[in-house]
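Only one structure is covered here, and it is reproduced in the block below.
The values are calculated or read from the model by the stated rules, or taken from the named source; none is laboratory data. Since the structure is predicted, the reported quantities are computational estimates derived from the model, not experimental observations. Because the Cβ atoms are built from the backbone with ideal geometry, glycine has one as well, and the counts that use them run over all protein chains shown.
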Amino acid sequence: MASDGTTRTAPAPSTPRPPWRRPGLDEVRRRVDGVLDAFVDRKTAEARRAGLPDDVPVAVAAFVGAGGKRIRPLLCVLGWQAAGGTGARGLDRAVQVGAALEMFHAFCLLHDDVMDGSDTRRGQPTVQRALAARYRAGRSRELADAVGAGAAILAGDLALLWSDELLQDPVRGPDPAAAARLRPLVGLMREEVMYGQFLDLIATGLPTADTGPALTVIRYKTAKYTCERPLQLGAALAGADETFQHRLSAFALPLGEAFQLRDDLLGAFGRPEQTGKPALDDLREGKHTVLVSLAHRSVTPARAPLLHALYGNSRLDEEDAGRLRALLRDTGADRAVERMITERYEQAAAVLDGLPVPAEVREQLRVLADTAAWRTS
């Protein structure tokens with residue numbers, strides 16, 4: 001009883017917070033997917049309430065939900081942990097930034113598919129093809145395809161805007177100090193990938209024996225925005241200094257290059273049921289890849305005309321694709337690219353061994369490195 005004669009109820013004991021536990025890679029993927037699913041569901045509902053067509057948010061939702069490796073958000077969360085990030089609140093913020101990176105990745109892929117004229121992605125029709133089919137009634141095929149391509153560009157534009165919205169979420173996003181640290185890195189990442197995409201575009205159809213341009217495209221179109229910047233953004237969220245960021249780059253850049261070199265091999269030799277893309281797309285596009293540059297360097301004079309005639313031929317059929325693959329193998333280009341992948345993987349692994357990070361984080365980074373270098377899809 002209190003001194004004033006009233007009876008007071010003792011406060012209920014507070015529930016103790018569970019101890020901090022580092023999430024596994026699968027848990028991070030689930031958390032990122034949860035953020036993305038909730039976000040696109042809200043955007044779809046908002047469009048419907050406003051009387052706006054829901055075609056674009058539905059298309060983006062289907063695209064984002066169709067799969068993907070989630071390597072960028074995983075690296076972001078691991079970068080945060082590598083730089084000392086702990087705690088449930090911090091994890092929520094790192095996952096939110098990772099979801100923003102995945103939405104930016106969707107923007108890149110949606111526009112990339114339009115530029116490449118791709119029919120499938122992740123085992124299903126690309127957004128441009130799906131929207132063309134949706135609006136084909138009453139239109140010629142050519143006009144429906146143009147509508148689909150335009151709509152896919154707009155879908156990509158929305159994904160870019162939405163990546164910003166995810167980053168700036170007032171509840172789950174970075175606090176003002178962290179946001180200020182992230183902002184220059186986000187801008188740099190976006191510029192780099194745009195320049196990489198542009199360099200890739202203007203080199204298409206003009207492959208040569210010079211691997212330099214192809215390696216520059218790999219560095220800017222893939223390695224930086226796939227591995228380096230996501231790791232650095234996570235580390236910046238945790239307040240990492242410049243020295244630590246440079247050490248992360250030394251690990252991430254060779255890994256990102258190995259990732260894209262593997263992608264080039266899968267584009268030429270991969271199985272559609274594993275890659276989710278048609279077997280002929282990359283061969284028909286005539287990209288200036290390292291694989292093809294090495295083939296041009298090693299092909300015999302007698303067979304060079306065949307390489308020029310087949311690679312980048314938009315009408316390439318399965319029979320000629322088989323001849324082209326055999327020619328690429330005969331030059332030893334595929335084996336040379338495998339050696340380059342191994343060299344870069346080993347370079348990244350050596351840096352990882354020396355990084356001052358928790359053992360669990362090191363092991364998870366090693367798992368991602370293995371996946372990036374030796375994947376089959």
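A few points about this structure:
- The listed residues are 191, 102, and the only one of them that is under 30 Å from residue 218 (Cβ atoms), assigned by TED's automatic domain parsing to the domain that holds residue 277 and of a type in the set (D, E, K, R) turns out to be 191.
- Residue 130 at pLDDT below 95 and crowded, with 16+ Cβ neighbours inside 10 Å: yes
- Residue within the stretch 329-351 that is in contact with a helix residue (DSSP H, G or I) (Cβ under 9 Å, 6 or more places away or on another chain), of a type in the set (Ser, Thr, Tyr) and surrounded by fewer than 17 Cβ atoms within 10 Å (Cβ to Cβ) present: yes
- The listed residues are 85, 79, 34, and the only one of them that is over 30 Å from residue 244 (Cα atoms), at pLDDT 95 or above and of a type outside the set (A, V, I, L, M, F, W, C) turns out to be 34.
- Every listed requirement among (1) under 17 Å from residue 59 (Cα atoms); (2) part of a helix (DSSP H, G or I) is met by residue 166 save one, (1).
- Test for residue 312: is it at pLDDT below 95 and part of a loop (DSSP other than H, G, I, E, B): yes
- Residue check, residue 325 under 18 Å from residue 209 (Cα atoms), in the same structural domain as residue 260 (by TED's automatic domain parsing) and in contact with a Lys or Arg (Cβ under 9 Å, 6 or more places away or on another chain): no
- Evaluation of residue 136 against (1) out of contact with any helix residue (DSSP H, G or I) (no Cβ under 6 Å at 6 or more places or on another chain); (2) free of Cβ contacts under 8 Å to residues at least 60 places away in the same chain; (3) assigned by TED's automatic domain parsing to the domain that holds residue 103; (4) among the basic types (Lys, Arg) (one fails), failing number: (1)
- Any chance residue 130 is closer than 22 Å to residue 61 by Cα, assigned to a helix (DSSP H, G or I) and in contact with a Leu (Cβ under 6 Å, 6 or more places away or on another chain): no
- Residue 181 vs. criteria in contact (Cβ under 8 Å) with a residue 24 or more places away in the chain, basic (Lys, Arg), in a helix (DSSP H, G or I) and closer than 25 Å to residue 368 by Cα: no
- Filter result for residue 165 (modelled with pLDDT of 95 or more and surrounded by 16 or more Cβ atoms within 10 Å (Cβ to Cβ)): no
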